[in-house]
C-alpha cells in the first residue's frame, strides 16, 4: 500500500494535504527515520523531535524560494525526506550516500551547509540582507536549538539582525525547558492571538490613535508597550529577545500541527525580526529515545524493536575516550589542581564519571568553545591545571583564544582533543584532520599524539606536569586491547621511539598510523626491504636527534599521519631535514587537499591510502 510520504516528491505537495493527512505524514516520517537510523546510526532524538515543526515549515513556506537554515543540521532528517531524497535516504551517512547534515551541493532545498552549531542566525541574517539588496521578497527562517543558543555567535547574530530590523524568523526549538501545562496553554493561546493579522492591525491602530492624544500621547503609547512587555515577561523569557529587537512569541507546542501552522502563517506577515519559541521533545514518538535522550542524540545501529544498541566492533578493548576519562580521574585524585572543562559534551568526551566524582572541579560551559579556552586560562592564572576536553573539529572554533589567551601568556592549560583524525559517518564537518596543522606552529605549545591507549595514559601524565600549554589528540574508537598502567610514568617531552630498526628506508608515523607503519614494515620485509619505524610521538617538539640520526643513513623517508598534509607532521619532518641540510627523498602519507566525505573509518582510510597497503605503495614507488 502506497504511503502518503511516498507520494511527496517535492515539499510543495504538503500544501495539498489536510490536517489529518499531515498527521499521518508525521507518523510515516518517524517510522522511516527510526528504521534508517537503526540500520545506519545517526542523530535520532533531535530529528524525531522536529517532525511536526518540519512539516509545518514546509506547509507554510516554499523552499527553495524561501530559505530554511537548520542550525547544526542533525535534526534535518525529516527535511531530507520531504525534499526529494526518499530514495536515497537508506544511504544516510554511508560511503557515497547522502550526508547526515544539510549540504548545498546535495539539494536546492539545503540553502546552507552546516555541521557545527550556532551558525544559523548569522547565515539567515546574511541571506535576508542579500534578499533586501536584490529587491526580492522571499522569507528567511533560521531554526536553532536551545543548546546552540548557548554560543556567543548566536547572540552576535541576534544582535545584528535586530539592529538591522530585518524581516526574518528565528525559531527557537526548545527541548529542555519545562513549563507547566496551564502556563504553556495560556502562552500558546496568547502567542497565536498576538500574531494574528487582526491583533497586529489593532495594535498598530491603537498606537497611532494614542500617539495623537494631545500632550500625553507618547506616554500613553509607552505605557501600552510596557503593559504588553509585562505580560510577556511574566510568562515567557521573551524580554531577552525583545531586548535584541525581535518580536517574541511563544512558547507554543511544537508537536501541535494546528498551532504551529497558524502561528507560522501569522508571524510570516510581520515586518521585522521575529523569534518564535517552540517546545518539542527529543525522541518524540519512539519510547526508547524519549526515555534516554542523551543515548539517542547520536547513536550507532540499534534494534528498532527494543532500542538496544548493537555491538559496533568485535574489539573488546576499551575506547580511547574511556581511557582518557578514567586516567583524568586518577590524575585529579592525586592533584587537586586538575580541572575538567567541556563544551556541552560531558558524555561524548568521557567526563560523566569525573563530573560525579569531582563536581566542584568540573565545568560544562555549554556550546562555547571560545569561552572554555579563556575560562581555562583564567583558572591557570590562579594555579589550577585545567584540561579543556573538546572534539578536534570543534577546537577549530577557539583558535584565537588558544593563541592569544593561553599560548601567548604561556599558561599551563591542557587541550585534550577527542575524535582526532577521521571520525566516519558524520563526514567532513566532524573529521578532526586539521589540528596538527593549526596548532603546531604556535609558540610555547607542546603537541603529542599517542599510538595506543597506554601511550595516552603516559602523555596525559606528562601534560599534567608541564608548566606550559600542552595539546594531545586521540582517535574515535577502541584502543589496541593493551593492559593499562597501574603506575603511570611520564614521557620525556620531545622524544620519539625507534620501534623497529632497518637500513633500507625509514618510516616515521604518529598516532593511528604507527601500527600501520609497523604492518607495512612487515610486508616490505617479505620483499627483502628492511625499513626502520619511528613513532614520532611529539609533533612539537620533534625528536630531531633520533630522526636525523636515522634519516642521514637511509635512502628514503616516508611520513604517515591522519591529518591534512599541508602543514602537518610530514611537513614538520621536511622542515627539520631541510634545516639539517639533508637531501634525503621524503614522501608523505596523509589527508590530501580536499574535504573527506562520510563513510566508515576503515573505508575512508583504505580509499585515502592511510593504511599499511598505502605506505607500502609509497615505498614501492620510491624504489622504482
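The values are calculated or read from the model by the stated rules, or taken from the named source; none is laboratory data. Being a predicted model, the structure only gives us computed values, none of them experimental. We place every Cβ from the backbone using ideal geometry, glycine too, and count neighbours over all the protein chains shown.
The table below lists the values:
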item	result
Total residues in segment 501-522, condition in contact with a helix residue (DSSP H, G or I) (Cβ under 7 Å, 6 or more places away or on another chain) and under 23 Å from residue 479 (Cβ atoms)	8
Within segment 346-404, helices (runs of 4 or more DSSP H) holding 3 or more residues that are more than 13 Å from residue 328 (Cβ to Cβ)	369-381, 392-395
Residue check for residue 117: closer than 23 Å to residue 244 by Cα, in a loop (DSSP other than H, G, I, E, B) and in contact with a helix residue (DSSP H, G or I) (Cβ under 7 Å, 6 or more places away or on another chain)	yes
All positions within segment 524-554 that are surrounded by fewer than 22 Cβ atoms within 10 Å (Cβ to Cβ), under 15 Å from residue 622 (Cβ atoms) and touching a residue at least 60 places away in the same chain (Cβ under 8 Å)	529
Segment 566-591: number of residues that are out of contact with any helix residue (DSSP H, G or I) (no Cβ under 7 Å at 6 or more places or on another chain) and either surrounded by fewer than 17 Cβ atoms within 10 Å (Cβ to Cβ) or not in a helix (DSSP H, G or I) (or both)	6
Any hit, segment 24-31, residues being touching a helix residue (DSSP H, G or I) at 6+ places or on another chain (Cβ under 8 Å) and not in a helix (DSSP H, G or I)	no
Yes/no for residue 598 being surrounded by fewer than 17 Cβ atoms within 10 Å (Cβ to Cβ) and in contact (Cβ under 8 Å) with a residue 60 or more places away in the chain	no
Any chance residue 295 is under 24 Å from the mean Cα position of the chain (by Cα) and in a loop (DSSP other than H, G, I, E, B)	yes
Selection count where residues are free of Cβ contacts under 8 Å to residues at least 40 places away in the same chain and surrounded by fewer than 19 Cβ atoms within 10 Å (Cβ to Cβ), scope segment 344-360	8
Members of segment 282-295 found to be surrounded by fewer than 19 Cβ atoms within 10 Å (Cβ to Cβ) and in contact with a helix residue (DSSP H, G or I) (Cβ under 7 Å, 6 or more places away or on another chain), listed by number	293
Subset tally (residues that are under 28 Å from residue 34 (Cα atoms) and at pLDDT 85 or above) for segment 302-317	8
Sole residue being surrounded by fewer than 16 Cβ atoms within 10 Å (Cβ to Cβ) and either in contact (Cβ under 8 Å) with a residue 60 or more places away in the chain or over 19 Å from residue 44 (Cβ atoms) (or both), chosen from 298, 250, 272	272
Per-region count, segment 63-108, residues over 25 Å from residue 296 (Cα atoms), touching a strand residue (DSSP E or B) at 6+ places or on another chain (Cβ under 9 Å) and assigned to a loop (DSSP other than H, G, I, E, B)	1
Filter result for residue 6 (more than 23 Å from residue 116 (Cα to Cα), surrounded by fewer than 22 Cβ atoms within 10 Å (Cβ to Cβ) and under 29 Å from the mean Cα position of the chain (by Cα))	no
Checking residue 255 against (1) modelled with pLDDT under 65; (2) in a loop (DSSP other than H, G, I, E, B); (3) surrounded by 17 or more Cβ atoms within 10 Å (Cβ to Cβ), the condition it does not meet	(1)
Residue 378 over 25 Å from residue 475 (Cβ atoms) and within 16 Å of the chain's Cα centre (by Cα)	no
Residues that are under 14 Å from the mean Cα position of the chain (by Cα) and either surrounded by fewer than 20 Cβ atoms within 10 Å (Cβ to Cβ) or more than 28 Å from residue 482 (Cα to Cα) (or both), drawn from segment 427-452	427, 428, 429
Scope segment 313-339; condition without any contact (Cβ under 8 Å) to a residue 40 or more places away in the chain, surrounded by fewer than 13 Cβ atoms within 10 Å (Cβ to Cβ) and closer than 26 Å to residue 41 by Cα; matching residues	314
